[in-house]
Amino acid sequence: MFNKLIANILPYMPKKLIWIFSKRYIAGETIEDGIRVSKDLNNNKIAVTIDLLGEFIKDLSEAKENRDKYLEIIERFTSEGIKCNFSLKPTMFGLLIDEKVCYEYIREIVEKASAKNNFIRIDMEDSQCVDMEIRLFRQLKADFPKHVGLVFQSYLKRTMDDVKSLKDLNSAENPINFRICKGIYVEPAKIAYKDYDKVRQNFLEIVEFMFQNKMYPGIATHDKYLVEESYKLIEKYNVPENMYEFQMLYGVTPELRNSIVEKNHLMRVYVPFGKHWFGYSTRRLKENPKMASHIIKALFVRG
């Protein structure tokens, strides 16, 4: 209860205080910070997905600026030879302002990634965005079948149906690539599971469906139970190592992450950076209130 209370209060505290928490989960504010952290992870046999922080813009001029930043990011990271792909949030490109403009900007980014033989992951945002982001994915998948993926969240009741609805896009030559995570947005019980075990069950059912249909899941979790159950599904369906990967957030559960790497499964870490780190950090804090006590301790304990 204490940790949850502190977690709710801290977002209203000075940014310098929040940075004590944030620096564990964010590479920094610049491209150079992202490159530095990514190279270190690569050196430890871990691939990365790069994310420029930001979402829910207010003006389309920001969308154009974000497009230009992503084009630069793709150029820099690929020229450095980093083992990576890229994640983006459509609301950074005006999804809720002008869906057509958003599509055009993201298409340019996917086209750039395709030219570099790389890959763009479209992040799933809150429930108001789901249909638009699925539509966006369908359009891009048609033109760039090997270079675009999507994210689904197992706490939404609709997710299994959404995954099944995209089965027509799957093929042996170009398997659908979906990241599966639990989801962190606050949604009403009418559309989202509130029972922890049900969210877990749905997560595993989606992963199993993808294995059954020879899709490529990015198994994104820090839950040891879900990792171990995924191991069982990989063995059950004799899934080749090039048809799945595990994914985690930068700075979260490093011991579990390293254990997966030691078992020779592909691990990809989500590496966020940029000036808009505050909103990302406070969401992580609300997701994991136990971190609040570590922040308070850091304020008063040195060493």
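The values are calculated or read from the model by the stated rules, or taken from the named source; none is laboratory data. Every value quoted in this text rests on a predicted model; they were computed, and no experiment measured them. Methodologically, a virtual Cβ is constructed for each residue, glycine included, from the backbone with ideal geometry; neighbour enumeration extends over all protein chains shown.
Kindly check whether there is at least one residue in region 196-208 that is surrounded by 12 or more Cβ atoms within 10 Å (Cβ to Cβ), part of a helix (DSSP H, G or I) and free of Cβ contacts under 8 Å to residues at least 12 places away in the same chain. Spell out how you get there, then give the answer.
Of the residues in region 196-208, the ones surrounded by 12 or more Cβ atoms within 10 Å (Cβ to Cβ) are 198-208.
Still in the list and also part of a helix (DSSP H, G or I): 198-208.
After this cut, where a residue has to be free of Cβ contacts under 8 Å to residues at least 12 places away in the same chain as well, the list is 198, 201.
Looking through region 196-208, at least one residue is surrounded by 12 or more Cβ atoms within 10 Å (Cβ to Cβ), part of a helix (DSSP H, G or I) and free of Cβ contacts under 8 Å to residues at least 12 places away in the same chain.
Quick check on residue 149: is it within 19 Å of residue 268 (Cβ to Cβ) and surrounded by fewer than 15 Cβ atoms within 10 Å (Cβ to Cβ)? Explain how you work it out, then say what you get.
Numbers: within 19 Å of residue 268 (Cβ to Cβ): yes; surrounded by fewer than 15 Cβ atoms within 10 Å (Cβ to Cβ): no.
No.
Can you tell me how many residues in region 72-113 are part of a helix (DSSP H, G or I) and within 19 Å of residue 136 (Cα to Cα)?
Taking region 72-113 first, the residues part of a helix (DSSP H, G or I) are 72-79, 90-93, 99-113.
Next, only the ones that are within 19 Å of residue 136 (Cα to Cα) stay: 90-93, 99-113.
The total comes to 19.
Any idea which of (1) assigned to a helix (DSSP H, G or I); (2) at pLDDT below 95 is the one residue 28 doesn't satisfy?
(1)
Here are 214, 263, 297: which of them is modelled with pLDDT of 95 or more, over 20 Å from residue 125 (Cα atoms) and exposed (fewer than 15 other Cβ atoms within 10 Å of the Cβ)? Give the derivation first.
On the way: 214 fails: exposed (fewer than 15 other Cβ atoms within 10 Å of the Cβ); 297 fails: modelled with pLDDT of 95 or more.
Exactly one residue qualifies, and that residue is 263.
Please name all residue pairs, on different chains or six or more residues apart, with Cβ atoms under 7 Å, provided the first residue is in region 10-29 and is among the small types (Gly, Ala, Ser) and the second residue is modelled with pLDDT of 70 or more and not in a helix (DSSP H, G or I).
Once the first residue is among the small types (Gly, Ala, Ser) and sits in region 10-29, its partners that are modelled with pLDDT of 70 or more and not in a helix (DSSP H, G or I) give 27/250; 27/271; 27/272; 27/273; 28/273.
Here are some conditions: (1) closer than 14 Å to residue 150 by Cα; (2) touching a helix residue (DSSP H, G or I) at 6+ places or on another chain (Cβ under 9 Å); (3) not hydrophobic (A, V, I, L, M, F, W, C). Residue 179 meets all but one. Which one does it not meet?
It is condition (2) that residue 179 fails.
Which of the residues belonging to region 167-192 are touching a Leu at 6+ places or on another chain (Cβ under 8 Å), surrounded by fewer than 21 Cβ atoms within 10 Å (Cβ to Cβ) and modelled with pLDDT of 95 or more?
Result: 191, 192.
From the list 149, 183, pick out the single residue that is under 18 Å from the mean Cα position of the chain (by Cα), in a loop (DSSP other than H, G, I, E, B) and touching a residue at least 12 places away in the same chain (Cβ under 8 Å). Step through it out loud before you land on a result.
Numbers: 149 fails: in a loop (DSSP other than H, G, I, E, B).
Sole residue among the options that is under 18 Å from the mean Cα position of the chain (by Cα), in a loop (DSSP other than H, G, I, E, B) and touching a residue at least 12 places away in the same chain (Cβ under 8 Å): 183.
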